[in-house]
Amino acid sequence: MTVIYLDNNATTQVDAAVLEAMLPYYHELYGNPSSMHTFGGQVGRRLREAREQVAALLGAAPDEIIFTSCGSESDNTAIRSALATFPGRRHIVTSRVEHPAINALVAHLAKEGYRITELPVDSQGRLNLDQYDQALTPDTAIASLMWANNETGVIFPVEQAAALARNKGILFHTDAVQAVGKIPIDLRQNSIDMLSLSGHKLHAAKGVGVLYVRKGTKFAPLLIGGHQEKGRRGGTENVPSIIGLGVACQLAAQRMDEENTRVKALRDKLENALLAGIPKSRVNGDRVQRLPNTSNISFESIEGEAILLLINELGICASSGSACTSGSLQPSHVLRAMGVPFTMAHGSIRFSLSVFNTEREIDYVVEKFPLVIEKLRALSPYWGVGEAVCATMEG
Amino acid sequence: MWEYSDKVIDHFLHPRNVGELEGADGEAMVGNIACGDALKLTFKLDDQGRIQEARFKTFGCASAIASASAMTEMIKGLTIEEAAKITDQDIADYLGGLPKEKIHCSVMGREALEKAIAHYKGEVVPGVEGKVICECFGVTEPEIERAVRDHNLKSVEEVTNYTKAGGGCGGCADAIQEIIDRVQAAAPGAPRRPPLTNLQKIRLIEDTIQREIRPALQQDGGDLELIDVVGDRVMVATRGACASCAAAQLTLKDFVEAKLKELVAPELRVEEVAP
């Protein structure tokens, strides 16, 4: 069966050009970039090039790029570094809708005695910057806000948030895993101190990430080891993946326009058609300040896992914020923080597109998807009973 | 992705007996939308008092739909008394098993059946009303007690898998643990307190070997005889196929000793002596 892959916020296909760039470094050019011989040294030169390619996409200097193993490692390194370099400060500011790499980490740090402020969001998933500003105190070691939300695609005003933190002498970190490659980022134009990205979200391989650390920022490594990454991250480099990430960043820059025109148009077409064709459906999150590729839609009175498994039979891949898909018993913390009603939260589906999606695929989904919803609603004791249960969740 | 059995997928993709019966003899609605799953069951009896038709509607995941579909298939043709004997384990077994995190789906099926039968009889389901322990999912003390007792649950996680209790904010974890401890302490085979006297211990060892261990060994043509008990050392001699079996040592440790530790006292050691 042909697969229609609309789950690109989970992971993406490695681009053919990226894979081609990576392959020689597994077998023929396997040298260690730290070696003194030319055989290894030539790999070192290629790593340097990859570092420049990543830096170029972000508007950063190559020295400001630290290669890591994933977005989660980058996030952990950033937060731990801030706590280590400001040992007198015991407070962290973040939001209630962060990725678990931040969310679970700060919950862990709370047990170590740190004070955590998790800012709420409104029903559209938006942050209140005044509230954020008030949360920043002289005791705050770092503020960390995601650039774009993985579930809803909602974009936070991180550049303004970084400026407010800078005014108070507080470090600012952003988890930009979902934003990089989808919206333009220029770190010369703002005061973000640290930024995390992950390779496999932008058509590079799994197992490689980046932590950007602005020049002059005090830094303490998480992984202590060799002199790799100028002592900022010990461990032999994941050479093929890093080289692939460099190429992926170059491609992302070239495709930025397409992402924000063609892909966005496909996303809008899908979203509008589903909303028009399926009663009692609604978009979760701000539709304006949002990634061009993401749409999170709730369908009343049915459950997300059942939707996913039925569209799976049609070859359509997406994901859900329902409780059952996660193995937990509660729906997504993001939807709960937004106060999405129960009737809607369990039936949420996230579609996330990429430049590889075509109009034909979207047409197919638009044709088939409403039938799936109809089938499940025919099974549901809540569908068509008139009065909907409108309890609102507290986050 | 969950590893569902083919039968679960079949009942999910092709659910049997969907709908609601007009003028049903028994009906029930369990669960609610906030909890993420709900099940409405209706059934009608024939002249002989057997369940002639059953219909369901489910809001929930694939295994919730499959559990309800399976349950309606299972009860058709049964008398009320026969249907009342169906357990959540029966529903899970019928489906070729469920992932452990999804056991609560079969529990919901059994609850709906119980409640619909009670409705038919004009009764209230016993042992459900009570103090609410898990606020997130509205699970009561009697419900948790029953799950612990019926399924010999030992951890909060297991209780969550069966009843959902504790799966939300987790604030009731301590209360659930207390219920587990209390129910397990009262259960047969639980460690007795105060400690056993020597006489009680030997009797219990004898009893356990007779009831739990020998029948299992005899199935494989083996057998076992209790020779003596010295302190915590249990002296046994192997008989039948066990006497010549290379794996007998393993059986003594992994099965005989484990059973005695579980049912008599955890400090017991099994030693083989010449017959």
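With respect to A:Val43, determine if the residue is surrounded by 15 or more Cβ atoms within 10 Å (Cβ to Cβ), assigned to a loop (DSSP other than H, G, I, E, B) and not aromatic (Phe, Trp, Tyr). Even if it seems obvious, please write down each step before you answer.
Details: surrounded by 15 or more Cβ atoms within 10 Å (Cβ to Cβ): yes; assigned to a loop (DSSP other than H, G, I, E, B): no; not aromatic (Phe, Trp, Tyr): yes.
It is false that A:Val43 is surrounded by 15 or more Cβ atoms within 10 Å (Cβ to Cβ), assigned to a loop (DSSP other than H, G, I, E, B) and not aromatic (Phe, Trp, Tyr).
Pick from A:Glu73, A:Glu20, A:Glu52, A:Glu28: which is more than 21 Å from A:Asn190 (Cβ to Cβ), among the charged types (D, E, K, R), in the same structural domain as A:Thr236 (by TED's automatic domain parsing) and in contact with a Gly (Cβ under 8 Å, 6 or more places away or on another chain)? Full working, then the answer.
Values: A:Glu20 fails: in contact with a Gly (Cβ under 8 Å, 6 or more places away or on another chain); A:Glu52 fails: more than 21 Å from A:Asn190 (Cβ to Cβ); A:Glu28 fails: in contact with a Gly (Cβ under 8 Å, 6 or more places away or on another chain).
Result: A:Glu73 is the single residue among A:Glu73, A:Glu20, A:Glu52, A:Glu28 that is more than 21 Å from A:Asn190 (Cβ to Cβ), among the charged types (D, E, K, R), in the same structural domain as A:Thr236 (by TED's automatic domain parsing) and in contact with a Gly (Cβ under 8 Å, 6 or more places away or on another chain).
Look through region B:43-64, keep the residues that are outside any loop (DSSP other than H, G, I, E, B), in contact with a Gly (Cβ under 7 Å, 6 or more places away or on another chain) and not basic (Lys, Arg), and return whichever of them is nearest to the other protein chains (Cβ to nearest Cβ).
Of everything passing the filter in region B:43-64, B:Phe43 is nearest to the other protein chains (Cβ to nearest Cβ).
Whether any residue in region A:326-342 is within 11 Å of chain B (Cβ to nearest Cβ), of a type in the set (S, T, N, Q) and either touching a residue at least 40 places away in the same chain (Cβ under 8 Å) or within 22 Å of A:Pro370 (Cα to Cα) (or both) is what I want to check.
As a first pass, look at region A:326-342 and keep what is within 11 Å of chain B (Cβ to nearest Cβ): A:326-331, A:336, A:341-342.
The next check asks that each one be of a type in the set (S, T, N, Q); those that pass are A:326, A:328, A:330.
Going one step further and asking which of them are either touching a residue at least 40 places away in the same chain (Cβ under 8 Å) or within 22 Å of A:Pro370 (Cα to Cα) (or both), we end up with none.
Checked region A:326-342: no residue is within 11 Å of chain B (Cβ to nearest Cβ), of a type in the set (S, T, N, Q) and either touching a residue at least 40 places away in the same chain (Cβ under 8 Å) or within 22 Å of A:Pro370 (Cα to Cα) (or both).
So, in region B:34-66, exactly how many residues are touching a Ser or Thr at 6+ places or on another chain (Cβ under 6 Å) and of a type in the set (A, V, I, L, M)?
Within region B:34-66, residues that are touching a Ser or Thr at 6+ places or on another chain (Cβ under 6 Å) and of a type in the set (A, V, I, L, M) number 4.
If we keep just the residues of region A:101-126 that are in contact with a helix residue (DSSP H, G or I) (Cβ under 8 Å, 6 or more places away or on another chain) and in a helix (DSSP H, G or I), which is farthest from A:Arg282 (Cα to Cα)?
Initial filter on region A:101-126 (in contact with a helix residue (DSSP H, G or I) (Cβ under 8 Å, 6 or more places away or on another chain)): A:101-103, A:105-106, A:109, A:114, A:116-121, A:125.
Of the ones still in play, those that are also in a helix (DSSP H, G or I) are A:101-103, A:105-106, A:109.
On the way: A:Ala101: 28, A:Ile102: 28, A:Asn103: 27, A:Leu105: 32, A:Val106: 32, A:Leu109: 36 Å.
Checked region A:101-126; the qualifying residue farthest from A:Arg282 (Cα to Cα) is A:Leu109.
For region A:288-299, which positions are in contact (Cβ under 8 Å) with a residue 12 or more places away in the chain and either surrounded by fewer than 22 Cβ atoms within 10 Å (Cβ to Cβ) or under 22 Å from A:Thr12 (Cα atoms) (or both)? Steps first, answer last, please.
The first filter runs over region A:288-299 and keeps only residues in contact (Cβ under 8 Å) with a residue 12 or more places away in the chain, leaving A:289-299.
Residues satisfying the conditions are A:Gln289, A:Arg290, A:Leu291, A:Pro292, A:Asn293, A:Thr294, A:Ser295, A:Asn296, A:Ile297.
How do the pairs read when you match residues in region B:245-260 that are small (Gly, Ala, Ser) with residues anywhere that are in a helix (DSSP H, G or I), using Cβ under 8 Å and keeping only pairs 6 or more apart or on different chains?
Pairs that qualify, where the first residue is small (Gly, Ala, Ser) and the partner is in a helix (DSSP H, G or I), are B:Ala248/B:Cys242.
Can you tell which of A:Ser295, A:Ser301, A:Ser354 is part of a loop (DSSP other than H, G, I, E, B) and more than 14 Å from chain B (Cβ to nearest Cβ)? Break it down into steps so the answer makes sense when it comes.
Details: A:Ser295 fails: part of a loop (DSSP other than H, G, I, E, B); A:Ser301 fails: more than 14 Å from chain B (Cβ to nearest Cβ).
Just one listed residue meets the conditions, A:Ser354.
Could you tell me which residue of region B:31-42 is nearest to the other protein chains (Cβ to nearest Cβ), considering only residues that are in a strand (DSSP E or B) and hydrophobic (A, V, I, L, M, F, W, C)? If you could, list the steps in order and put the result at the bottom.
Filtering region B:31-42 for residues in a strand (DSSP E or B) gives B:31-32, B:37-42.
So of that shortlist, the ones also hydrophobic (A, V, I, L, M, F, W, C) come out as B:38-39, B:41.
On the way: B:Ala38: 6, B:Leu39: 7, B:Leu41: 10 Å.
Checking each candidate, the answer is B:Ala38.
Can you tell me which residue in region B:37-72 is nearest to A:Asn312 (Cα to Cα), limited to those that are touching a residue at least 60 places away in the same chain (Cβ under 8 Å) and of a type in the set (D, E, K, R)?
Among them, the one singled out is B:Asp37.
Working carefully through the options B:Ile205, B:Ile180, find the one that is touching a helix residue (DSSP H, G or I) at 6+ places or on another chain (Cβ under 6 Å), more than 14 Å from chain A (Cβ to nearest Cβ) and among the aliphatic types (A, V, I, L, M). Working first, answer last.
Details: B:Ile205 fails: touching a helix residue (DSSP H, G or I) at 6+ places or on another chain (Cβ under 6 Å).
Unique residue meeting the criteria: B:Ile180.
For the structure I just gave you, tell me whether A:Ser322 is over 30 Å from A:Arg214 (Cβ atoms), crowded, with 23+ Cβ neighbours inside 10 Å and touching a Leu at 6+ places or on another chain (Cβ under 9 Å).
The answer is yes for A:Ser322.
Looking at A:Leu274, is it part of a helix (DSSP H, G or I), within 14 Å of chain B (Cβ to nearest Cβ) and touching a strand residue (DSSP E or B) at 6+ places or on another chain (Cβ under 9 Å)? So that I can check it myself, show each step before the final result.
Values: part of a helix (DSSP H, G or I): yes; within 14 Å of chain B (Cβ to nearest Cβ): no; touching a strand residue (DSSP E or B) at 6+ places or on another chain (Cβ under 9 Å): yes.
Taking the combined requirement at face value, the residue does not satisfy it.
Among B:Lys115, B:Lys131, B:Lys121, which is exposed (fewer than 13 other Cβ atoms within 10 Å of the Cβ) and modelled with pLDDT of 90 or more? Step through it out loud before you land on a result.
Details: B:Lys115 fails: exposed (fewer than 13 other Cβ atoms within 10 Å of the Cβ); B:Lys131 fails: modelled with pLDDT of 90 or more.
One residue alone meets the criteria, B:Lys121.
Restricting to region A:58-72, name every residue that is of a type outside the set (D, E, K, R) and touching a residue at least 24 places away in the same chain (Cβ under 8 Å). Spell out the reasoning first.
Quick first cut of region A:58-72, residues of a type outside the set (D, E, K, R) only: A:58-62, A:65-72.
Once the filter is applied, which keeps residues that are of a type outside the set (D, E, K, R) and touching a residue at least 24 places away in the same chain (Cβ under 8 Å), region A:58-72 yields A:Leu58, A:Gly59, A:Ala60, A:Ala61, A:Ile65, A:Ile66, A:Phe67, A:Thr68, A:Ser69, A:Cys70, A:Gly71, A:Ser72.
When you look at A:Leu266, is it over 30 Å from B:Ala165 (Cβ atoms), in contact with a strand residue (DSSP E or B) (Cβ under 8 Å, 6 or more places away or on another chain) and assigned to a helix (DSSP H, G or I), yes or no? Please lay out each step first, then the result.
Values: over 30 Å from B:Ala165 (Cβ atoms): yes; in contact with a strand residue (DSSP E or B) (Cβ under 8 Å, 6 or more places away or on another chain): no; assigned to a helix (DSSP H, G or I): yes.
No, not satisfied.
Only one of these conditions is not met by A:Ile373: (1) more than 23 Å from B:Asn17 (Cα to Cα); (2) of a type in the set (Val, Ile, Thr); (3) touching a residue at least 60 places away in the same chain (Cβ under 8 Å). Which number is it?
Unmet condition: (1).
Can we say A:Leu310 is crowded, with 20+ Cβ neighbours inside 10 Å, within 14 Å of another protein chain (Cβ to nearest Cβ) and part of a helix (DSSP H, G or I)?
yes
Considering only region A:223-237, state which residues are in contact with a helix residue (DSSP H, G or I) (Cβ under 9 Å, 6 or more places away or on another chain) and surrounded by 14 or more Cβ atoms within 10 Å (Cβ to Cβ).
A:Leu223, A:Arg232, A:Arg233, A:Gly234, A:Gly235, A:Glu237 - these are the residues of region A:223-237 that are in contact with a helix residue (DSSP H, G or I) (Cβ under 9 Å, 6 or more places away or on another chain) and surrounded by 14 or more Cβ atoms within 10 Å (Cβ to Cβ).
Taking the condition of being part of a helix (DSSP H, G or I) and more than 10 Å from chain A (Cβ to nearest Cβ), how many residues in region B:9-30 meet it? Break it down stepwise before answering.
Of the residues in region B:9-30, the ones part of a helix (DSSP H, G or I) are B:9-13.
Still in the running and more than 10 Å from chain A (Cβ to nearest Cβ): B:10-11.
The qualifying residues number 2.
Among (1) within 14 Å of another protein chain (Cβ to nearest Cβ); (2) closer than 30 Å to B:Lys7 by Cβ; (3) without any contact (Cβ under 8 Å) to a residue 12 or more places away in the chain; (4) not aromatic (Phe, Trp, Tyr), where does B:Gly170 come up short?
Status for B:Gly170: all satisfied but (2).
Go through the residues of region B:243-251 one by one and say whether even a single one is closer than 30 Å to B:Ala187 by Cα, hydrophobic (A, V, I, L, M, F, W, C) and buried (at least 18 other Cβ atoms within 10 Å of the Cβ). I'd like the intermediate steps shown before the answer.
Taking region B:243-251 as the starting set, the residues that turn out to be closer than 30 Å to B:Ala187 by Cα are B:250-251.
From what is left, the residues that are hydrophobic (A, V, I, L, M, F, W, C) are B:250.
Retained after the next criterion (residues that are buried (at least 18 other Cβ atoms within 10 Å of the Cβ)): none.
Within region B:243-251, not a single residue is closer than 30 Å to B:Ala187 by Cα, hydrophobic (A, V, I, L, M, F, W, C) and buried (at least 18 other Cβ atoms within 10 Å of the Cβ).
Of the residues A:Leu187, A:Leu164, which single one is surrounded by fewer than 24 Cβ atoms within 10 Å (Cβ to Cβ), in contact with a Lys or Arg (Cβ under 8 Å, 6 or more places away or on another chain) and either assigned by TED's automatic domain parsing to the domain that holds A:Asp122 or without any contact (Cβ under 8 Å) to a residue 24 or more places away in the chain (or both)?
Numbers: A:Leu164 fails: in contact with a Lys or Arg (Cβ under 8 Å, 6 or more places away or on another chain).
Result: A:Leu187 is the single residue among A:Leu187, A:Leu164 that is surrounded by fewer than 24 Cβ atoms within 10 Å (Cβ to Cβ), in contact with a Lys or Arg (Cβ under 8 Å, 6 or more places away or on another chain) and either assigned by TED's automatic domain parsing to the domain that holds A:Asp122 or without any contact (Cβ under 8 Å) to a residue 24 or more places away in the chain (or both).
When A:Gly339 is evaluated against the numbered criteria (1) modelled with pLDDT of 90 or more; (2) buried (at least 22 other Cβ atoms within 10 Å of the Cβ); (3) outside any helix (DSSP H, G or I), which criterion, by number, is the only one it fails?
For A:Gly339, the exception is condition (2).
Let's see how each residue does on (1) in a helix (DSSP H, G or I); (2) closer than 18 Å to A:Ile242 by Cα; (3) over 11 Å from the mean Cα position of the chain (by Cα):
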| residue | (1), (2), (3) |
| --- | --- |
| A:Ala162 | yes, no, yes |
| A:His173 | no, no, yes |
| A:Ser196 | no, yes, no |
| A:Ala205 | no, yes, yes |
| A:Tyr212 | no, yes, yes |
| A:Gly216 | no, no, yes |
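Would it be correct to say that B:Arg50 is within 22 Å of A:Gly384 (Cα to Cα) and modelled with pLDDT of 95 or more?
On the way: within 22 Å of A:Gly384 (Cα to Cα): no; modelled with pLDDT of 95 or more: yes.
For B:Arg50, the condition - within 22 Å of A:Gly384 (Cα to Cα) and modelled with pLDDT of 95 or more - is not met.
The values are calculated or read from the model by the stated rules, or taken from the named source; none is laboratory data. Keep in mind that this is a model prediction, so the values were computed, not measured. Glycine gets a Cβ as well: all are built from the backbone with ideal geometry, and neighbour counts include every protein chain shown.
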